[in-house]
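Worksheet: the structure to be examined is printed underneath.
The values are calculated or read from the model by the stated rules, or taken from the named source; none is laboratory data. Given the structure is predicted, the values throughout are model-derived calculations rather than measurements. So basically every Cβ, Gly included, is an ideal-geometry build from the backbone, and we count neighbours across all protein chains shown. Just so you know, the surface numbers come from the protein's heavy atoms only, side chains and all, with ligands and any DNA or RNA stripped out. Shrake-Rupley method; radii C 1.70, N 1.55, O 1.52, S 1.80 Å.
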Amino acid sequence: MTCDGKVRYAVRYRLSAGVRIATRIKRQQQGSRRAASISISGKHQLMTHSFRLAFRALRRTPAFTIVATLALGIAIGANAAIFGLVDALWLRPLGVSEAGRIVRIFSTTEANALGAFSYPELQGIRETTRSLDEVAARGRRGATMTDADGSPELLLVNVVTTNFFSTLGVTASHGRLFTPADDAELEAQPAIVLGYAFWQRRFGGDPSVVGRTVRIGRGDSIAVTVRGVLPETFRDLDAAADRDLWMPPQTWLRLSDRREFEDRGQRWFELIGRLRQGVSATSAGAEVAGIAAAMAREFPGANAGRSARVISDFDYRLESAGVNAFALLGLVLLVVLITCVNVANLLLARSAARAKELAVKAAIGAGRGRLVRELLIESLLLGAAGALAGITVGAWLIRLLPLLMIPPPGFRSSLVFHADTRVLLFTAIVTLITTLLFGVAPSWMAARVDLARVMRSDPSSRRPRTFLPDALVTTQVAISVVLLCAAAVLAVSFLDTRRADLGITRNPLLTAWVTLADPPRAVTQNAVRQLEQIGGVSRVAVAIRAPLSLSGGGRAQRVAVPGASMARAAEVPDVKFNAVSANYFAIMGTRVIRGRGFSEADERPGEPVIVVSDRFARALFPGKDALDAIVRLGPDGAPHRIVGIVQDAVINDIGEPGEPYFYLPYWRAEYGEATYIVESSSGEVTSIAAAVRDTLKHLDPRLEPRRLIAMSDYITYSASVYRATAALAASLGFIGLLLTTLGVYGVVAYRTAQRTREFGVRLALGAARSQILRLVVREGARVAAAGLAIGIPAALVTTRLLSSLLFGTGPWNAPAFAAAAAIVFGAVCSAAYVPARRATRVSPSTALREG
């Protein structure tokens with residue numbers, strides 16, 4: 001062979017060898033893919049087979065499946081409903097663009113960390129800040145719009161700066177919203193924006209309302225143009241709030257006066273801002289605090305003792321939620337935990353009954369892993385069924401939630417609850433965790449099959465009593481004790497709101513609030529005389545506002561004590577007050593502690609006098625007698641002599657922390673509004689409401705009341721948060737007690753069935769049936785005692801954490817704890833009595849044969 005031939009041969013050999021190697025590799029890869037395909041197919045078939053087996057196993061025990069599904073459904077549904085409530089009231093984020101950059105800005109004093117700003121303060125911050133791209137404000141007010149029947153409807157109004165919507169990034173659903181470019185146009189033509197819900201309710205969702213002229217009023221009415229409609233996704237800055245009308249300052253000035261925008265003491269604006277890119281809320285807060293300090297130096301008369309803080313919108317919502325939201329979530333999660341324990345115990349009892357079935361599977365080659373997998377799949381199917389039931393129950397409960405919420409007197413409820421994607425996602429997470437909690441341990445224990453013991457079926461070799469079921473039942477009882485103790489203490493707190501001394505009477509009083517710009521004294525006094533002539537009316541008083549009347553903080557003035565240091569004056573920079581007629585304290589039921597109330601002489605020109613609350617006297621004159629002392633009020637520091645000290649009374653909320661308060665004679669100044677407080681002699685106020693309205697309207701059409709509300713309605717609304725919390729806690733406590741009772745019954749019934757032979761032997765040897773009864777009931781009592789021993793200390797800690805939700809009672813209320821403990825102990829012993837009674841009815845011969 002020539003050299004060239006050898007080369008060609010070598011090349012051909014190497015090429016053929018390469019082809020053979022490549023072919024072999026390709027065949028190996030194809031074989032691997034076929035094997036992988038067969039493996040995947042086999043695993044898929046195995047999982048499908050496992051799901052079928054699990055479904056059949058659950059179908060064979062319908063009682064167990066239904067009970068477990070219902071228990072899970074109730075717990076998951078209650079959890080979904082409570083989360084829906086908490087989310088709607090506090091946690092739902094703003095429906096705006098880049099919500100993470102939105103911050104809240106508050107004026108702060110030692111007494112109030114969430115104060116509002118005056119319009120001049122807003123301008124000072126907006127012009128000085130470098131940390132915020134935008135600073136906008138809103139102020140909550142009220143105005144009226146006349147209905148078709150001629151009666152005015154009081155509407156909720158947000159007065160917002162023209163950059164408010166652009167700061168948030170909100171766009172109109174119809175028409176357009178205000179912008180700073182519209183300032184000049186709004187000066188000439190007042191305009192408003194409609195809230196989406198109000199647009200739907202009042203105008204039937206008609207888009208042609210944009211551009212229409214409507215009349216709104218606050219005393220006298222004016223014509224305004226509807227500029228646009230807000231989108232459905234944006235209701236207000238607060239998650240549970242909604243506003244009917246939105247208007248710029250230019251429009252509000254047509255209804256009010258310039259003092260609300262020029263006086264540094266008129267603090268009714270809440271500020272929001274949008275952070276610059278890369279700036280944190282902490283940095284912005286330091287800058288704004290510096291601006292507030294500069295204003296305090298420049299305007300010591302109005303700003304001494306004031307600072308400012310910046311907080312992200314998300315942190316503000318968590319802060320607003322406070323203990324209330326997390327307490328409700330914590331209580332409902334305890335119910336979920338009880339359910340997990342309950343279902344776990346049911347699964348343990350069921351696995352004991354299926355011991356022979358599992359032993360047979362193990363005998364024919366099923367490993368522990370496969371048994372665990374099959375049992376876990378059964379738990380997953382139970383969890384899925386419980387989730388479906390829970391979503392159904394939750395959607396139904398969410399529709400019932402508005403029944404717990406009392407709307408503000410004189411207004412429609414703005415609360416909206418939805419079983420939306422947020423609620424469904426939270427429900428799915430809770431369902432997954434719940435399934436793992438109740439499924440893993442029973443599945444693992446059931447898979448540990450002692451094949452020889454089970455197959456022998458020797459009664460003497462039964463599995464010894466394990467600790468886990470006892471521990472689970474004891475845990476159930478302990479959690480139930482915690483729930484019932486919390487519910488009992490919250491119920492006592494709510495009852496205290498109905499019987500506590502609030503500093504105001506609970507007698508039938510009707511309040512009629514009217515607004516009239518600078519009404520002559522003769523008009524308001526004549527109105528009092530006319531109202532006193534109505535049949536069924538005994539007395540009439542006048543004030544700026546009635547207590548608890550949703551006045552948004554009330555009016556306040558600077559108070560100074562002559563001779564006090566500047567540091568002392570800064571401790572109480574502004575004090576809330578009311579202006580009242582001479583008979584106000586007698587009609588309202590506010591007791592005079594020392595000195596006197598106002599007289600008719602005090603209502604005429606003369607020496608300026610003041611009546612103060614007991615807390616005012618103690619705060620501004622510590623260790624001294626405040627009676628006849630002089631204080632200076634307002635920016636001009638006019639001296640006023642204290643002629644009386646009255647008991648502390650509620651101002652805006654029955655659960656508010658106490659604060660100094662004072663009263664001025666009503667007819668010594670003009671306030672632009674009046675509340676006529678009408679006392680009924682007939683014991684109820686609904687019969688005189690129409691006559692009060694007609695009398696005021698006939699006297700002067702501008703005196704037609706904007707609100708006619710009974711004082712009892714204000715008190716009821718102010719106590720509604722305590723009522724709702726107590727009702728929810730009681731419902732959760734009842735559910736927990738029911739589940740615990742069922743759990744104890746199930747465990748004791750299973751144990752009793754296992755001891756049938758033992759009871760037969762005892763009866764055959766002469767034991768009395770009452771002894772058998774006591775033996776079984778004692779087991780339930782032992783579990784109850786163990787649960788109480790753990791639950792009472794845990795309940796003490798829980799109610800201590802809930803102390804900020806309580807009114808008039810301490811967290812460690814002994815009668816409430818004793819009642820809750822007695823209910824739990826009685827329920828558990830009753831649950832044990834039923835299977836005990838059944839055990840005593842078994843004949844000895846039958847028991848011995850079955851054993």
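Going through region 680-722 one residue at a time, which ones are assigned to a helix (DSSP H, G or I) and either in contact with a His (Cβ under 8 Å, 6 or more places away or on another chain) or within 18 Å of Val650 (Cα to Cα) (or both)?
Taking region 680-722 and keeping what is assigned to a helix (DSSP H, G or I), we get 686-699, 701-703, 711-718, 720-722.
Passing the criteria: Met711, Ser712, Asp713, Tyr714, Ile715, Thr716, Tyr717, Ser718, Ser720, Val721, Tyr722.
Mind listing whichever residues of region 239-261 are at pLDDT below 90 and either open to solvent by less than 10 Å² (accessible area, probe 1.4 Å) or within 30 Å of Phe299 (Cβ to Cβ) (or both)?
Once the filter is applied, which keeps residues that are at pLDDT below 90 and either open to solvent by less than 10 Å² (accessible area, probe 1.4 Å) or within 30 Å of Phe299 (Cβ to Cβ) (or both), region 239-261 yields Leu255, Ser256, Asp257, Arg258, Arg259, Glu260.
May I ask you to list the residues in region 207-242 that are part of a loop (DSSP other than H, G, I, E, B), out of contact with any helix residue (DSSP H, G or I) (no Cβ under 7 Å at 6 or more places or on another chain) and over 18 Å from Pro93 (Cβ atoms)?
Val210, Gly211, Arg212, listed by residue number.
Within the bounds of region 118-139, is there any residue that is of a type in the set (Gly, Ala, Ser) and open to solvent by 60 Å² or more (accessible area, probe 1.4 Å)? Show your work before the answer.
Quick first cut of region 118-139, residues of a type in the set (Gly, Ala, Ser) only: 118, 124, 131, 136-137, 139.
Keeping just the survivors that are open to solvent by 60 Å² or more (accessible area, probe 1.4 Å) gives none.
The answer is no, given that none of the residues of region 118-139 is of a type in the set (Gly, Ala, Ser) and open to solvent by 60 Å² or more (accessible area, probe 1.4 Å).
Give Val96, Val67, Val86, Val103 a once-over and let me know the one that is among the β-branched types (Val, Ile, Thr), open to solvent by 10 Å² or more (accessible area, probe 1.4 Å) and under 23 Å from the mean Cα position of the chain (by Cα). Explain how you work it out, then say what you get.
Details: Val67 fails: under 23 Å from the mean Cα position of the chain (by Cα); Val86 fails: open to solvent by 10 Å² or more (accessible area, probe 1.4 Å); Val103 fails: open to solvent by 10 Å² or more (accessible area, probe 1.4 Å).
Step by step, each of Val96, Val67, Val86, Val103 is checked, and only Val96 is among the β-branched types (Val, Ile, Thr), open to solvent by 10 Å² or more (accessible area, probe 1.4 Å) and under 23 Å from the mean Cα position of the chain (by Cα).
Evaluate the following for Gly369: is it in a helix (DSSP H, G or I) and modelled with pLDDT of 70 or more?
On the way: in a helix (DSSP H, G or I): yes; modelled with pLDDT of 70 or more: no.
No: the conditions fail for Gly369.
Quick check on this structure: which one of Arg412, Arg422 is within 13 Å of Leu85 (Cβ to Cβ) and not small (Gly, Ala, Ser)? Let's see the steps before the verdict.
Details: Arg412 fails: within 13 Å of Leu85 (Cβ to Cβ).
None of the other options fit; the residue is Arg422.
Among the residues of region 106-136, which ones are over 11 Å from Arg274 (Cβ atoms) and assigned to a strand (DSSP E or B)?
Phe106, Ser107, Thr108, Gly115, Phe117 - these are the residues of region 106-136 that are over 11 Å from Arg274 (Cβ atoms) and assigned to a strand (DSSP E or B).
Quick check: is even one residue across region 457-473 surrounded by 21 or more Cβ atoms within 10 Å (Cβ to Cβ), modelled with pLDDT under 70, outside any helix (DSSP H, G or I) and touching a helix residue (DSSP H, G or I) at 6+ places or on another chain (Cβ under 9 Å)?
Within region 457-473, none of the residues are surrounded by 21 or more Cβ atoms within 10 Å (Cβ to Cβ), modelled with pLDDT under 70, outside any helix (DSSP H, G or I) and touching a helix residue (DSSP H, G or I) at 6+ places or on another chain (Cβ under 9 Å).
For (1) open to solvent by 20 Å² or more (accessible area, probe 1.4 Å); (2) under 20 Å from Trp667 (Cα atoms), each residue gets a yes or a no:
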{"site": "Tyr584", "(1), (2)": "no, yes"}
{"site": "Ile593", "(1), (2)": "yes, no"}
{"site": "Ser599", "(1), (2)": "yes, yes"}
{"site": "Arg604", "(1), (2)": "yes, yes"}
{"site": "Val609", "(1), (2)": "no, yes"}
{"site": "Val612", "(1), (2)": "no, yes"}
{"site": "Ala617", "(1), (2)": "no, no"}
{"site": "Pro622", "(1), (2)": "yes, no"}
{"site": "Asp625", "(1), (2)": "yes, no"}
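Which residues, taken from region 305-330, are open to solvent by 50 Å² or more (accessible area, probe 1.4 Å) and in a strand (DSSP E or B)?
Arg309
Would you pick out the residues in region 627-664 that are among the charged types (D, E, K, R), part of a strand (DSSP E or B) and either under 27 Å from Phe299 (Cβ atoms) or open to solvent by less than 40 Å² (accessible area, probe 1.4 Å) (or both)? It would help to see each step written out before you state the result.
Here is the first cut: in region 627-664, the ones among the charged types (D, E, K, R) are 628, 632, 636, 641, 648, 653, 656, 659.
Keeping just the survivors that are part of a strand (DSSP E or B) gives 632, 641.
Within region 627-664, Arg632 is the sole residue that qualifies.
Thr846 passes all but one of (1) part of a helix (DSSP H, G or I); (2) over 20 Å from Val748 (Cα atoms); (3) modelled with pLDDT of 90 or more; which number fails?
(3)
Given the residues Gly278, Gly290, Gly285, Gly265, which is the only one that is under 30 Å from the mean Cα position of the chain (by Cα) and either open to solvent by 50 Å² or more (accessible area, probe 1.4 Å) or of a type in the set (Gly, Ala, Ser) (or both)? Reasoning before the result, please.
Details: Gly278 fails: under 30 Å from the mean Cα position of the chain (by Cα); Gly290 fails: under 30 Å from the mean Cα position of the chain (by Cα); Gly265 fails: under 30 Å from the mean Cα position of the chain (by Cα).
Residue meeting the stated conditions: Gly285.
Scan region 684-707 for residues that are without any contact (Cβ under 8 Å) to a residue 60 or more places away in the chain and surrounded by 15 or more Cβ atoms within 10 Å (Cβ to Cβ) and jot them down. Spell out the reasoning first.
In the first step, residues of region 684-707 are kept if they are without any contact (Cβ under 8 Å) to a residue 60 or more places away in the chain; the result is 686, 690, 694, 697-698, 701.
Matches in region 684-707: Lys697 only.
Name the single residue, out of those in region 208-225 being over 18 Å from Phe178 (Cα atoms) and not charged (D, E, K, R), that is surrounded by the most Cβ atoms within 10 Å (Cβ to Cβ).
So the first thing to find is which residues in region 208-225 are over 18 Å from Phe178 (Cα atoms), and the list is 208, 215-222.
Keeping just the survivors that are not charged (D, E, K, R) gives 208, 216-217, 219, 221-222.
Values: Ser208: 9, Ile216: 22, Gly217: 17, Gly219: 20, Ser221: 18, Ile222: 14.
So, considering only residues that are over 18 Å from Phe178 (Cα atoms) and not charged (D, E, K, R), the one surrounded by the most Cβ atoms within 10 Å (Cβ to Cβ) is Ile216.
Quick one: Gly265 ticks every box in (1) in contact with a Phe, Trp or Tyr (Cβ under 9 Å, 6 or more places away or on another chain); (2) farther than 19 Å from Ile192 by Cα; (3) part of a loop (DSSP other than H, G, I, E, B) bar one, so which box is it?
If we test Gly265 against (1) in contact with a Phe, Trp or Tyr (Cβ under 9 Å, 6 or more places away or on another chain); (2) farther than 19 Å from Ile192 by Cα; (3) part of a loop (DSSP other than H, G, I, E, B), just (1) comes out false.
Which one is most open to solvent (accessible area, probe 1.4 Å), of the residues in region 665-674 that are part of a loop (DSSP other than H, G, I, E, B) and on the phi < 0 side of the Ramachandran plot?
Keep residues of region 665-674 that are part of a loop (DSSP other than H, G, I, E, B), which gives 669-672.
Restricting the remaining residues to those that are on the phi < 0 side of the Ramachandran plot gives 669-671.
Working: Ala669: 48, Glu670: 111, Tyr671: 36 Å².
Here the answer is Glu670.
Residues that are closer than 21 Å to Leu253 by Cα and among the acidic types (Asp, Glu): find the helices (runs of 4 or more DSSP H) completely inside region 137-206 holding 3 or more of those. Reasoning before the result, please.
Details: elements: 164-168, 183-188, 196-203.
It comes to 183-188.
So Leu502 ticks every box in (1) part of a helix (DSSP H, G or I); (2) in contact (Cβ under 8 Å) with a residue 40 or more places away in the chain; (3) among the hydrophobic types (A, V, I, L, M, F, W, C); (4) over 29 Å from Glu153 (Cβ atoms) but one. Which box is left unticked?
Only one criterion in (1) part of a helix (DSSP H, G or I); (2) in contact (Cβ under 8 Å) with a residue 40 or more places away in the chain; (3) among the hydrophobic types (A, V, I, L, M, F, W, C); (4) over 29 Å from Glu153 (Cβ atoms) is unmet by Leu502, namely (1).
Answer with yes or no whether Val449 is at pLDDT 85 or above and either within 28 Å of Gly787 (Cβ to Cβ) or not in a helix (DSSP H, G or I) (or both). Can you show your working first?
On the way: at pLDDT 85 or above: no; either within 28 Å of Gly787 (Cβ to Cβ) or not in a helix (DSSP H, G or I) (or both): yes.
No, not satisfied.
Of the conditions (1) crowded, with 18+ Cβ neighbours inside 10 Å; (2) closer than 18 Å to Phe55 by Cβ; (3) at pLDDT below 85; (4) not aromatic (Phe, Trp, Tyr), Met405 clears all except one; give me its number.
Here Met405 clears every test but (2).
Any chance region 155-172 includes a residue that's among the aliphatic types (A, V, I, L, M), in contact with a helix residue (DSSP H, G or I) (Cβ under 7 Å, 6 or more places away or on another chain) and over 26 Å from Asp263 (Cα atoms)?
No, region 155-172 contains no residue that is among the aliphatic types (A, V, I, L, M), in contact with a helix residue (DSSP H, G or I) (Cβ under 7 Å, 6 or more places away or on another chain) and over 26 Å from Asp263 (Cα atoms).
Any idea which of Gly826, Gly766, Gly787, Gly810 is within 34 Å of the chain's Cα centre (by Cα) and not in a helix (DSSP H, G or I)? Even if it seems obvious, please write down each step before you answer.
Details: Gly826 fails: not in a helix (DSSP H, G or I); Gly766 fails: within 34 Å of the chain's Cα centre (by Cα); Gly787 fails: not in a helix (DSSP H, G or I).
After applying the criteria, what remains is Gly810.
Among the numbered criteria (1) in contact with a Leu (Cβ under 6 Å, 6 or more places away or on another chain); (2) under 22 Å from Leu318 (Cβ atoms), which one does Gly142 miss?
With (1) in contact with a Leu (Cβ under 6 Å, 6 or more places away or on another chain); (2) under 22 Å from Leu318 (Cβ atoms) applied to Gly142, the lone miss is (2).
Quick check on this structure: which one of Ile630, Ile654 is aliphatic (A, V, I, L, M) and farther than 23 Å from Gly503 by Cα?
Values: Ile654 fails: farther than 23 Å from Gly503 by Cα.
Ile630 is the lone residue from the list that is aliphatic (A, V, I, L, M) and farther than 23 Å from Gly503 by Cα.
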